[in-house]
Amino acid sequence: MGCGNSKSAAISSAGGSDSVRDNKLKKSKIVFVVGGPGSGKGTQCERIVGKYGFTHLSTGDLLRAEVTSGTERGQRLNAIMSRGELVPMETVLQMLKDAMLFKVDSAKGFLIDGYPRELSQAEAFEKKIAIPKLVLYINASSETMMERLMNRAKTSGRADDKAETFKARLQTYYEATEPVVQRYDSKGLVKKISAEGTADEVFKLVCEALDSLK
Ligand SMILES: Nc1ncnc2c1ncn2[C@H]1C[C@H](O)[C@@H](COP(=O)(O)OP(=O)(O)O)O1
Ligand SMILES: [Mg+2]
């Protein structure tokens, strides 16, 4: 501990030892974007990337990309998923960390979308990577989320954008993810954003929350 003075950090900025890079991650602006299915997380992340130049990482996208890349890890993931089994949390987290480390020198901040989905994932992230600086809680009523998902279903081609699965997704969300919000609320890290308005209106609130970050 305490061996990473600013000089050695500067020298290693084009790479550096694992511990130096781990330290950089710990200091980076990490924002968790949390909210129910269809609340508008992806929509807001896209806008944040445009205005703030943050790096947007979605664990779903990372998993799909790893599989199509055909790496050894991708092949293992493909085998697990084609057996209908769950990808181990440790693997998802390692993928997320690798993606963050890859960008740590250039990223102005990280938007983590779709993770953590449950308390144990939040705890594992903190242990392995860092404590987030902010949790953006994109909050919409279940009626609004349902309406938006039904609209998205017309073009998304996503198998889970169906009225029948919406109830189950919502229940999983409330049971598993809301405790994550409570955990960070007790640390004073949550900004609750009303997502009922237009995407522009929501983005105004999102900007206020992000601008309060040092
Ligand atoms: N504030 C808003 N008002 C109206 N529609 C919105 C909206 N934010 C997002 N949408 C639309 C875009 C999508 O078709 C759908 C779901 O948005 P999304 O960004 O994909 O949600 P999420 O990533 O949280 O699942 O709703
Ligand atoms: Mg999304």
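The values are calculated or read from the model by the stated rules, or taken from the named source; none is laboratory data. Note that the structure is predicted; figures quoted are calculated from it, not measured. Every residue, glycine as well, gets a Cβ built from its backbone with ideal geometry; the counts of neighbours run over all protein chains shown. Calculation scope for accessible area: heavy atoms of the full protein, side chains included, ligands and nucleic acids excluded. Shrake-Rupley method; radii C 1.70, N 1.55, O 1.52, S 1.80 Å.
If the chain linking THR155 and GLU126 were pulled fully straight, counting 0.36 nm for each residue of separation and taking away their Cα-Cα distance, it would gain 6.8 nm.
Which whole number in µm²/s is D for region 80-119 by Stokes-Einstein, with the Kirkwood Rh taken over Cα pairs at 10 °C and 1.306 mPa s?
Working: Rh = 11.9 Å.
The diffusion coefficient I find is 134 µm²/s.
Modelled spin labels at PHE102 and LYS51, positioned 7 Å past Cα toward Cβ, are 2.8 nm from each other.
Normalised by the number of residues in region 11-104, the average gap of Cα pairs under 8 Å and 6 or more apart makes the relative contact order 30 percent. Helix content alone sets the calculated 222 nm mean residue ellipticity of the chain: runs of n ≥ 4 DSSP H residues at -39500 (n - 2.57) each, divided across all residues, give -17000 deg cm²/dmol.
Taken one residue at a time, the phi angles of region 137-142 give Karplus couplings (6.51, -1.76, 1.60, θ = phi - 60°) of 9, 7, 10, 10, 5, 5 Hz. Gly and Pro are set to x. Placing a pseudo-label 7 Å from each Cα along the Cα-to-Cβ vector at LEU213 and SER19 gives an inter-label distance of 2.8 nm. The Rg/Rh ratio of the chain, with both radii computed over alpha carbons and Rh defined as the Kirkwood radius, is 0.97.
Computed from the Cα positions only, the extents of region 15-113 along the three principal axes stand at 40, 39, 20 Å, in decreasing order. Split the accessible area of region 99-169 by element, probe 1.4 Å, and carbon with sulfur accounts for 53%.
Applying a threshold of 28 Å to the alpha-carbon distances of LYS51/LYS162; LYS108/LYS128; LYS97/LYS187; LYS51/LYS191 flags LYS51/LYS162 as lying beyond it. Using only Cα atoms, tell me the angle between helix 41-52 and the longest principal axis of the chain; keep it within 0 to 90° and round to the nearest 10. Tilt relative to the chain: about 40 degrees.
Per residue, how much accessible area does the chain have with a 1.4 Å probe, in Å²? Walk me through the numbers on the way to the answer.
Numbers: 11990 Å² over 214 residues.
Roughly 56 Å² per residue, with all protein chains present.
Each of SER194, SER106, SER28 has its accessible area taken with a 1.4 Å probe; listed largest first, they run SER106, SER194, SER28.
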